[in-house]
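> Mind looking over this structure? Questions follow.
Quick note: the coordinates plus some simple rules give every number you see, no bench work behind them. Predicted model, so just to flag it, every value in this text is computed and none were measured. Cβ coordinates were reconstructed from backbone atoms using ideal geometry, including for glycine residues, and neighbour counts include every protein chain displayed.
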Amino acid sequence: MSEERQDDAARVAALERRLAETEAQGRAFLIQAELRHAAERAGMVDPDGLKLIDAAAVKVNDAGEVEGAAALMADLKRRKPWLFGAPSSSSSTAAAPNSDPPAAKSAMQMDDAEWRAARTELLRRR
């Protein structure tokens, strides 16, 4: 019977150790995700800049919320401003062209000089 209790105690200790490791890994993933999010909000151009951050300064509170990520990003932005800037995008910021094709001017709307130039251009294309 004593041997069974030792086996049970060993299994409980192993399970508690695995639980603690899993919780620590979950916290680390949560902190990294929050740091990436804070970096994006702060305008970090290259997420490789996160390697310069000491993630130990960021803590997870009892409610599961990450504290200190925004302050850490503000400090990094102050110390290394070249990591931050306008985010680049593969999308163009130019306005879309007008969807209506330009309407051709009819001969009735042209004056004499415009009509002669249009007629010359038409005959040249033939």
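> As an exercise, use a Förster radius of 25 Å and the Cβ-Cβ distance of GLN25 and ALA71 to find the FRET efficiency, rounded to the nearest 0.05. Don't skip to the end; give the middle numbers.
Numbers: r = 24 Å, r/R0 = 0.97.
Efficiency computed from Cβ-Cβ geometry: 0.55.
> Now, a different point. What's the extension gain from ASN98 to ARG126 if we count 0.36 nm per residue and subtract their Cα-Cα distance?
Roughly 7.1 nm would be gained on extension.
> Express the relative contact order of the chain as a whole percentage, based on alpha carbon pairs under 8 Å and six or more residues apart in sequence.
Once divided by the residue count of the chain, the mean separation gives 21 percent.
> Still on this structure: Could you tell me how many degrees, from 0 to 90 and to the nearest 10, lie between the Cα long axis of helix 69-79 and the main elongation axis, the longest principal axis, of the Cα atoms of the chain?
It is inclined by approximately 60 degrees.
> Give me, ordered by chain and number, the residues 5 or more places off LYS59 or on other chains with an amide H under 5 Å from its own placed amide H.
GLU67
> Give the angle, between 0 and 90 degrees and rounded to the nearest 10, that separates the Cα long axis of helix 2-42 from the longest principal axis of the Cα atoms of the chain.
Taking Cα atoms only, the helix is inclined about 30 degrees.
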